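Worksheet: one structure, shown below.
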Amino acid sequence: LAIVGQLAGGIAHQFNNILNVIIVTADAILVSNPHLDEETKRWLKNIKEEGRRAADLVYRLLDFSRHSLVEKRKIELFSFIKNLEKELREFFPPNVEICIERDQKSEYSIQGDPSLLRQLFLNLASNSKDAMPEGGKFILGLKELTVDEGNMLSFSTLSQGKYIEVKIEDTGIGMDEETKKHALEPFFSTKKKASGLGLSQVHGIVKQHRGIMKLESQPSQGTKVIIYLPEYETKVKNENSSGYKYFC
């Protein structure tokens, strides 16, 4: 079963990369060519819809292989996100501003699987895009966090040590309490043609990286996902993290 899981996961990762290119390209053509005739628009929308349906099958394969296909290595998260930025800018329409924030720390190293982390950010970006049909702001933030005896009560779910706090925030429609309560459940979705695996898969990826995930949202106030991942270099000197640098 483990061998089958590894095979399924390997195929799923490769196929998912192909699907992302197809979906993003179709979306980019639609956004950059508003005067296309209706038939062409319909075909492009069909490409996107069928691509997402295929992506749902990929998610199922990834879930099946989750415990057997995790290839972790040292990853510098700020560089990782900057490399992903171009893909995100092509994914979002022009009326969505993308902003990357960080504190004064120069490196944010974790031990992780690049393919899974890429999927995590793309899933959250997809949710944010759907939540901002009229445009808005998509924010990615990085900050170092040290949990010790002085602040353990504020971070009761974390053990003492150093973490990288990853913030993913949008200015979209937000969620009510009932939706938020079920948001991490597999196959739960408020969208008619969605698989409901987006946030559930994100939560699973976070747990695979020994992390903790928090979800904050209110109707008309946007949504914020905060992820705490163990820092790779546990002996790095803690720096003052007052203030952010902005890269919008």
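Please treat every number below as a calculation from the coordinates, not as lab data. These figures come from a predicted structure and were not determined experimentally. Backbone-built Cβ (ideal geometry, glycine too); neighbour counts: all protein chains shown.
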Sort 134-144, 111-121 by the packing proxy (mean of other Cβ within 10 Å over each peptide's residues), most packed first.
111-121, 134-144
Send over the Kirkwood Rh of region 72-136, from the inverse of the averaged 1/r over different Cα pairs, rounded to one decimal Å.
12.9 Å
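Beta carbons within 10 angstrom, averaged per residue: use that to sort the peptides 212-218, 156-162, highest first. The partial results should precede the final answer.
Details: 212-218: 16.1, 156-162: 11.9.
In decreasing order of mean packing, 212-218, 156-162 become 212-218, 156-162.
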Which value, in Å³ per residue, describes the convex hull spanned by the Cα atoms of region 37-160?
157 Å³
For region 46-181, build the charge dipole from Cβ charges (+1 Lys, Arg; -1 Asp, Glu) around the Cα centre, then report which of Leu84, Ile98, Thr171 sits farthest towards its positive end.
Leu84
